[in-house]
Every structure is written in C-alpha cells, then in structure tokens.
Amino acid sequence: MFTGIIEDIGKVTNITDSQIQIETCLNDIKKGDSIAVNGVCLTVTDIEGKNLFFDYSPTTGDITNISLLKKNSLVNLERALTLQTRLGGHIVSGHIDTSTTIVDVKKNGRFYFISFAVNEEIKKYIVKKGFIAVDGISLTVAENNETNFSVTMIPETFNKTIFRTRKEGDIVNIEIDVFAKYVEKIFNKKKDKKEITMDLLKENGFI
C-alpha cells in the first residue's frame, strides 16, 4: 500500500519489454520490496548501487504508461508505507485501473490547473472533491463533467513530481479511490441493483 506522496523522481537507465531499471536516491530498499513507479506497484528484483531493477508483465505494459518509458525518462517513486508512516495522501494500492490523456495544463498565479480525459472505465467513479491517484500522486478532483476532470496542484507537488515535465497529450496512469470500488460492490449486491448516484450515496450515509 502507498499514500500517493511522491518521495523521489527516478530516472530510467534501461528498459526492455519486460524489465525496467531505475536510478534513485532513495535508500533503505531491499530485494522483494514494493515500489510505486508512476503509481504502478512493482517488486524490486535486484539492486546495483543506486539502480533498482523491476520486472513487469505484458498486462502492466498494456494498461499503464510503463511501456511508453524510454532511457532517461523520469518517473515518480514511492516506497510502500509502514505502520510508522504518516498517511498524508490517501490509500493507494498501486493497481492501475486505466490510463488517460492530459487535456490541458494551465498556470494561474502560483497554482497549476490540469485537466484529463475521462473514459468509460473511470467515469462513474469520479466525483468532485473525491480522491484520485494520477501517476501515483494523491490528488483531489476539483471539477468533472462527461468528458474531462481536473485537479489543482500546489507548486510543491508540481515541482517535486514528474508533472513539472508533463504536457498536453501525455499519457498518465489512473487509480481510482479503492473505497469507491467497495461502495459499488456493496450496492451491486442489493437485489434491486440500484444505479449508484449522489442521492443514493447520501441516503445511505456514505457522503
């Protein structure tokens, strides 16, 4: 499990169709540890100096932006949380639901307003003020409609993650709030199979 608070920006030093090698300044890492790479939970298979080695499956390559990375690409990194970790973001599993495209990146004063395309896989889970993880970053949905959703990034988040290099058209990994999935499963077990709406969630005390 992760928090969505990025600890380091790593650099890809080598990548094949099944393995990726990343240079990082993070320490206290051993073989078998879980690391979120752009939000994707990967297992450390080997360590050489500052370089971490990870294997990734064809499914991971298809669903996420890992397969789009190249040598010298920058990636967000986060070590798995411990019982002593402050949960500054939200619960992030590292299991990516889908990927989507950056529609727009705008700066207004000190803040950054970033919009993303909505696809059918995540459409029903995105709600205003709800949690979402984008490339492993814990973010809050600021606005959403049928085609897009947007977030507001503070300078600290923008400058200390790979979003400082992101631009319109880039592909990002999306993990929806795991609790939204649990709520959906609970309601889908009901015999009447009611559609999940904001009114239904309010009636049942979820919001």
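The values are calculated or read from the model by the stated rules, or taken from the named source; none is laboratory data. Quantities reported herein were computed from a predicted structural model and do not represent experimental measurements. Neighbour counts run over all protein chains shown; Cβ positions are idealised from the backbone, glycine included.
Things to note:
- For region 165-207, the candidate set comprises residues that are more than 20 Å from residue 93 (Cβ to Cβ) and hydroxyl-bearing (Ser, Thr, Tyr); within that set, the residue that is modelled with the highest pLDDT is 165.
- Any hit, region 56-75, residues being at pLDDT 95 or above, part of a strand (DSSP E or B) and of a type outside the set (A, V, I, L, M, F, W, C): no
- Set side by side, the residues 30, 107 differ, and just one is assigned to a loop (DSSP other than H, G, I, E, B), among the basic types (Lys, Arg) and out of contact with any helix residue (DSSP H, G or I) (no Cβ under 7 Å at 6 or more places or on another chain), which is 30.
- Subset of region 148-168 (residues that are of a type in the set (Phe, Trp, Tyr) and in a strand (DSSP E or B)): 149
- Flag if residue 28 is at pLDDT 95 or above and in the same structural domain as residue 74 (by TED's automatic domain parsing): no
- Some residue of region 137-147 being part of a loop (DSSP other than H, G, I, E, B) and surrounded by 19 or more Cβ atoms within 10 Å (Cβ to Cβ): no
- Filtered by the rule that a residue be on the phi < 0 side of the Ramachandran plot, surrounded by 19 or more Cβ atoms within 10 Å (Cβ to Cβ) and assigned to a loop (DSSP other than H, G, I, E, B), region 123-136 gives a lone residue, 126.
- Within region 20-37, the set of residues being within 19 Å of the chain's Cα centre (by Cα) and of a type in the set (D, E, K, R) comprises 33 only.
- Residue check, residue 109 under 30 Å from residue 24 (Cβ atoms) and loosely packed, with under 13 Cβ neighbours inside 10 Å: no
- Number of the condition not met by residue 106 [criteria: (1) touching a residue at least 12 places away in the same chain (Cβ under 8 Å); (2) among the basic types (Lys, Arg); (3) within 21 Å of residue 143 (Cα to Cα)]: (1)
- Single condition residue 162 does not satisfy, out of (1) within 15 Å of the chain's Cα centre (by Cα); (2) at pLDDT 95 or above; (3) surrounded by fewer than 19 Cβ atoms within 10 Å (Cβ to Cβ): (3)
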